[in-house]
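I have placed the structure first, in the form of structure tokens, so that the comments after it can refer back to it.
Bear in mind that the values in this text are calculations on the coordinates, not laboratory data. Please read these numbers as outputs of a predicted model, since none were measured by experiment. Please note: Cβ atoms are built from the backbone with ideal geometry, for glycine as well, and neighbour counts cover all protein chains shown.
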Amino acid sequence: MAVMKPILPLIFTACALSGCATYSDAPIVDAGPIASEGSMVALGEPVAVEDVVLTPMKVTEDSRCPINARCVWAGRIVVETRVDGAGWRETVPVTLGEPESVRGYVLNLVSAEPGQMAGADPVGPEDYRFAYEGWSPDNPPD
């Protein structure tokens with residue numbers, strides 16, 4: 001029985017760590033629940049698109065024309081987006097309305113809210129919401 005005491009902690013540790021195993025074909029994700037494709041998500045919130053998970057990390061540019069103004073140029077919004085696939089992770093800039101190719105997947109930022117208002121305070125990072133769509137070569141859009 002004296003031999004059994006040192007072995008028991010090792011057995012319990014091995015059992016506990018086996019629950020931490022990951023599947024090699026599962027996307028790598030750090031954040032909580034994953035929203036479904038088409039959902040509006042905030043910065044840092046993951047959303048499933050096809051077989052990958054996208055997480056908007058930060059707005060690197062928002063030069064869109066204010067909603068209540070007339071502009072010569074419409075401007076653009078660029079969102080640094082983390083893409084988690086089966087055993088891989090990349091961070092890419094994604095521009096609203098401009099599809100971006102990442103490892104065979106085509107990703108598109110289809111909505112970025114709210115828009116700027118002339119004369120109002122700038123939109124804060126906590127106020128942004130984004131929607132993405134995407135497709136793989138095996139599942140092109142209709």
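Averaging sequence separations of C-alpha pairs under 8 Å and six or more residues apart, then dividing by the length of the range 24-135, give the relative contact order as a whole percent.
Details: 259 pairs, mean separation 30.5, N = 112.
With pairs under 8 Å counted, the relative contact order is 27 percent.
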³J(HN,Hα) computed for each position of the range 109-126 - Karplus, 6.51 cos²θ - 1.76 cosθ + 1.60, integer Hz, glycine/proline x: 7, 9, 8, 9, 10, x, x, 6, 10, 4, x, 9, 4, x, 5, x, x, 6
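I'd like the FRET efficiency for Trp135 and Val59, computed as 1/(1 + (r/R0)^6) with the beta carbon distance as r and R0 of 25 Å, rounded to 0.05. Mind showing how you got there, number by number?
Details: r = 24 Å, r/R0 = 0.97.
Efficiency computed from Cβ-Cβ geometry: 0.55.
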